[in-house]
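A.B. asks: The structure follows.
Please treat every number below as a calculation from the coordinates, not as lab data. In this text, all values refer to a predicted model and were calculated from it rather than measured experimentally. In this analysis, Cβ positions are derived from the backbone assuming ideal geometry, glycine residues included, and neighbour counts consider all displayed protein chains.
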Amino acid sequence: MSGVPIGAHALLSDCHSAALVTRDGSVDWLCFPRFDSPSVFDRLLDDGGGHWSVTPVDEHHTLRGYADQTLVLETTFHTATGTAVLTDAMAMGEGNHGHALGEGAPHLLMRGLRGLDGEVGFELHFRPRPEYGLVQPLLSAVDGGVSVRGGADRLVLSSPVPLELAEGDARARLTVRGGQELWFALHRSTLEQQPARVWSEEEIAARTAATIESWRSWSALHQRYEGPWRELVHHSGRVLQGLTYQPSGAIVAAPTTSLPEEVGGERNWDYRYSWVRDASFTMQALWVAACPDEAESFFAFMTTAAAGTLSADRPLQIMYGVGGEHDLSERTLPRLHGWRDSRPVRVGNGAWDQQQIDVYGELLDAACRLERHIATMDDEMRAFLVALADTAARRCHDPDQGIWEVRGGPRHFTYSKVMCWVALDRAIRLADRLGAADRVPQWARVRDDLHATILREGWNERVGAFTQYFGSDELDASCLMLPIVGFLPATDPRVLATVEAIADRLTDERGLVYRYRAEAGVDGLRGGEGTFLLCTFWLAEALAEAGRVNHATEVFQRAAAYVNDVGLLAEEVDPDSGELLGNFPQAFSHIGLVNAAWAIARARHRAAL
């Protein structure tokens, strides 16, 4: 049960798929050609799984970081005999600059070794195990590398050094001296496409340089935020961009599956899909961190994905595959032991057919904020957004599974009702653009009635706070969103009391915020979970909105302190060990960081006036 710490990984992305790399230079997770494709390397979820490691033979000290303004990883190994740098990247397509990031990606994982001084010995171990480890492929030597056959894909490993092949593995010992460079690559294609091929070292080096330039040109064109924690915000913007599936405009919640919310627990979910909620939040965070030209693509994706399914009898599906797929049925993979024996390992997500009525609000809130970034709003998109508001008006009094996708019974969750209010409020603001002025009186009546209902049923006098669901005595961090979305002013006594109750009674000893108390049983699952980084950033944001800038800054810094050595955040923090838990890197956490930093920047500006 060794399990490399979740926080010891770095992300690579080509805006189609993703890889995770350890501090020792091992690619322990890779899905080709999409984020939600079956994995090629899966050691992240099983110690005996597939991987591609390039690791110093001798004892070493490691420093790593991303090349400036990129998601190209540079790992520097210092040994007693010398120093070498390992560069890792997933290739961008030719001509990917500025707006075109991710277009035409060749599905190529590139790795370069460069000696800085002395000499460093390395061991290379290439162990592909396609389809989540089900396939032990046939490896065959070819001129300049190794051909990998097995399953639906064909892979070719390009290598400038000879490799020893045995039982589906390839190995080599090599030495890199000062001034020397060696370039490797793994190319993927399906059987129907042009076959994968060997790439020359010159081609790999040139494509790596072009990929660095692609990221930098995108960052220079898009990233304008100049407030506090500028570098963290900009980096989070690149991470969120790296979680975007360029061909469709979909955005995944995380590039991994089944990394647990509790070591050894069952709260292990597949996050490699596009949640309406998470993606909407991501687009709004990119509005702060990266001026999203992708807004139009995202709303076009949502319009297409939901086509023919949103009706009076059928609510909006809460998540889709990155290509717009609807059926994301969940299954388990019993052959995988899970990260630190945290089972089950799941593929698919059973929440796909839940009712979660908050999604109408998140999507319309994003459309409202990003309106000027949606240059082309055709009749289909306008009809879709109008239908969202109409459906929110019809369903706002229904119980649902809520933002946390509980697998217990549906309830009248306070947050869900608030977001239905947001849906109607934002639709009213957008009515002229949507050609829906005639609907405004009806939307306004439902909105105002709902507002009164939430104030009456969501506030609990005994608890002294807005609570998780109508009639509940339980706190829920999602109620921190009431002032953030403008449901009530941040200085309203009921809002301040709710913020204080959550800060006092829903935090661990470090001051990090839980989503809710799992022991109350509302989610229908066994065991517990860690504190939730998004919720901690929400606390910082709510405090900033209330003008409590110093307290907001303290809370922000508590949460931001959990970025790993390359600036990445998981979903949760273990309340005992302080270790990162959950799928990684997590869009929600980086969204929270961006929005809280921006809220604090605005609060500081207001205080200075």
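A.B. asks: Can you give me the long-range amide H partners of Ser26? Hydrogens built in the peptide plane at 1.01 Å from N, cutoff under 5 Å, separation of 5 or more residues or another chain.
C.D. replies: Under 5 Å from the amide H of Ser26 lie the amide H atoms of Val54, each far enough along the sequence or on another chain.
A.B. asks: Would you mind putting 581-587, 389-395, 522-528 in packing order, based on average other-beta-carbon counts within 10 Å, highest first? All intermediate terms of the calculation are to be shown ahead of the outcome.
C.D. replies: On the way: 581-587: 28.9, 389-395: 22.4, 522-528: 15.1.
Descending packing order for the listed peptides: 581-587, 389-395, 522-528.
A.B. asks: Here is a follow-up. Quick check on the chain: helices-only [θ] at 222 nm, where DSSP H runs of length 4 and up contribute -39,500 (n - 2.57) each and the sum goes over total residues. Nearest 500, please. Spell out each step's value before the answer.
C.D. replies: Working: 14 runs with 195 residues, N = 609.
Using -39500 (n - 2.57) per qualifying helix, the result is -10500 deg cm²/dmol.
A.B. asks: Share of Cα-Cα pairs in the chain beyond 40 Å, in percent?
C.D. replies: On the way: 47405 of 185136 pairs.
Of all Cα-Cα distances in the chain, 26 percent exceed 40 Å.
A.B. asks: Please list 3J(HN,Hα) in residue order for the stretch 129-142, calculated via the Karplus relation 6.51 cos²θ - 1.76 cosθ + 1.60 where θ = phi - 60°; whole Hz, with x for glycine and proline.
C.D. replies: Per residue, the Karplus-derived 3J(HN,Hα) values read 9, x, 6, 6, x, 6, 9, 9, x, 8, 9, 9, 5, 10 Hz.
A.B. asks: Related question: What is the stretch 487-561 by shape, rounded, prolate or oblate, if you read a ≥ b ≥ c off the alpha carbon gyration tensor as root eigenvalues and call it rounded for a/c under 1.5, prolate for a/b larger than b/c, and oblate otherwise? Show your work: numbers first, answer last.
C.D. replies: Numbers: a/c = 2.59, a/b = 1.48, b/c = 1.74.
Verdict is oblate for the stretch 487-561.
A.B. asks: Considering amide H positions built from the backbone, and no H for Pro or chain starts, which residues 5 or more places from Tyr273, or on another chain, come under 5 Å of its amide H?
C.D. replies: When sequence neighbours closer than 5 places are left aside, the close amide H contacts are Ala253, Ala254.
A.B. asks: Still on this structure: Suppose every Lys and Arg Cβ carries +1 and every Asp and Glu Cβ carries -1, with no other charges. What dipole size does the chain come out with about its Cα centre, to the nearest 20 debye?
C.D. replies: 760
A.B. asks: Nearest 10 degrees, 0 to 90: what angle lies between the long axis of helix 295-305 and the longest principal axis of the chain (Cα atoms)?
C.D. replies: 80
A.B. asks: Taking a spot 7 Å from the Cα of Val161 along the direction of its beta carbon, which residues of the stretch 95-128 have an amide N less than 13 Å from it?
C.D. replies: It comes to 112-115, 119-126, nothing else.
A.B. asks: Counting other beta carbons within 10 Å of each Cβ, put Arg207, Arg510 in order, fewest first. Provide the component values of the computation, followed by the final result.
C.D. replies: On the way: Arg207 22, Arg510 14.
The fewest-first ordering by Cβ neighbours comes to Arg510, Arg207.
A.B. asks: Mind grabbing the base-10 log of I(q)/I(0) for the stretch 243-363 at q = 0.14, 0.23 Å⁻¹? Debye formula, identical points on the C-alpha positions, no solvent, two decimal places.
C.D. replies: Normalising to I(0) and taking log10 leaves -0.63, -1.27.
A.B. asks: For each cysteine in the chain, check whether another cysteine's C-beta sits under 4.7 Å from its C-beta; list those where none does.
C.D. replies: Among the cysteines of the chain, those whose Cβ sits 4.7 Å or more from every other are Cys15, Cys31, Cys291, Cys368, Cys479, Cys535.
A.B. asks: Take the alpha carbon atoms of the stretch 142-169, find their center, do the same for the stretch 1-69, and report the distance between the two centers in whole angstrom.
C.D. replies: Between the Cα centres of the stretch 142-169 and the stretch 1-69 lies a distance of 19 Å.
A.B. asks: Note the full-extension length gain between Glu457 and Val142 as 0.36 nm times their separation in residues minus their Cα-Cα distance, in nm to one decimal.
C.D. replies: Details: separation 315, 0.36 × 315 = 113.40 nm, distance 6.95 nm.
Length difference between fully extended and current span is 106.4 nm.
A.B. asks: Still on this structure, please answer the following. Please identify the GluC sites (Glu not before Pro) of the stretch 101-188 that satisfy two criteria: DSSP loop assignment and at most 14 other Cβ atoms within 10 Å. Which are they? Write down the numbers at each step before the final one.
C.D. replies: Values: sites: Glu103, Glu119, Glu123, Glu131, Glu164, Glu167, Glu181; in loops: Glu103, Glu167.
In loop regions of the stretch 101-188 (DSSP not H, G, I, E or B), the sparsely surrounded GluC sites (Glu not before Pro) are Glu167.
A.B. asks: Right, next: So what is the relative contact order of the chain, in percent, for Cα pairs below 8 Å that sit 6 or more residues apart? All intermediate terms of the calculation are to be shown ahead of the outcome.
C.D. replies: Numbers: 1482 pairs, mean separation 74.7, N = 609.
RCO, the chain: 12 percent.
A.B. asks: Can I ask one more? Of Tyr66, Tyr273, how do they rank once you tally other Cβ atoms within 10 Å and put the fewest first?
C.D. replies: Values: Tyr66 23, Tyr273 27.
Listing Tyr66, Tyr273 from fewest to most nearby Cβ atoms yields Tyr66, Tyr273.
A.B. asks: What's the center-to-center distance, using Cα atoms, between the stretch 421-442 and the stretch 220-271 in Å?
C.D. replies: When both Cα centres are located, 31 Å separates them.
A.B. asks: May I pose another question? Tell me, what is the FRET efficiency for Val57 and Ala220 to the nearest 0.05, using R0 = 51 angstrom and their Cβ-Cβ distance as r?
C.D. replies: Values: r = 40 Å, r/R0 = 0.78.
Plugging the Cβ-Cβ distance into 1/(1 + (r/R0)^6) gives 0.80.
A.B. asks: If you don't mind, another one. Report the relative contact order of the stretch 300-418, percent, no decimals, based on alpha-carbon pairs under 8 angstrom and at least 6 residues apart.
C.D. replies: On the way: 140 pairs, mean separation 28.6, N = 119.
Relative CO of the stretch 300-418 lands at 24 percent.
A.B. asks: With a sphere of radius 10 Å drawn around the Cβ of Ala19, what net charge do the other residues whose Cβ falls strictly inside it have (Lys, Arg +1; Asp, Glu -1)? Intermediate values should be presented prior to the final figure.
C.D. replies: Values: positive: none; negative: Asp14, Asp28, Asp88.
It works out to a net charge of -3.
A.B. asks: Taking each pair of distinct Cα atoms in the stretch 46-132 once, what is the resulting Kirkwood hydrodynamic radius in Å? Numbers along the way, then the final one.
C.D. replies: Working: mean 1/r = 0.0669 Å⁻¹.
The Cα-based Kirkwood calculation yields 14.9 Å.
A.B. asks: Let me ask something additional. Does anyone have the angle between helix 230-242 and the longest principal axis of the chain? Alpha-carbon axes, 0 to 90°, nearest 10?
C.D. replies: 80
A.B. asks: Now a separate question. Which ³J(HN,Hα) values in Hz, rounded to whole numbers, follow from the phi angles of the stretch 267-273 under the Karplus curve 6.51 cos²θ - 1.76 cosθ + 1.60, where θ = phi - 60° and Gly and Pro get x?
C.D. replies: 7, 10, 10, 8, 9, 8, 10
A.B. asks: If I fit a long axis through the Cα atoms of helix 440-457 and take the longest principal axis of the Cα atoms of the chain, what angle between them do I get, 0 to 90°, rounded to 10?
C.D. replies: That helix lies at roughly 90 degrees to the long axis.
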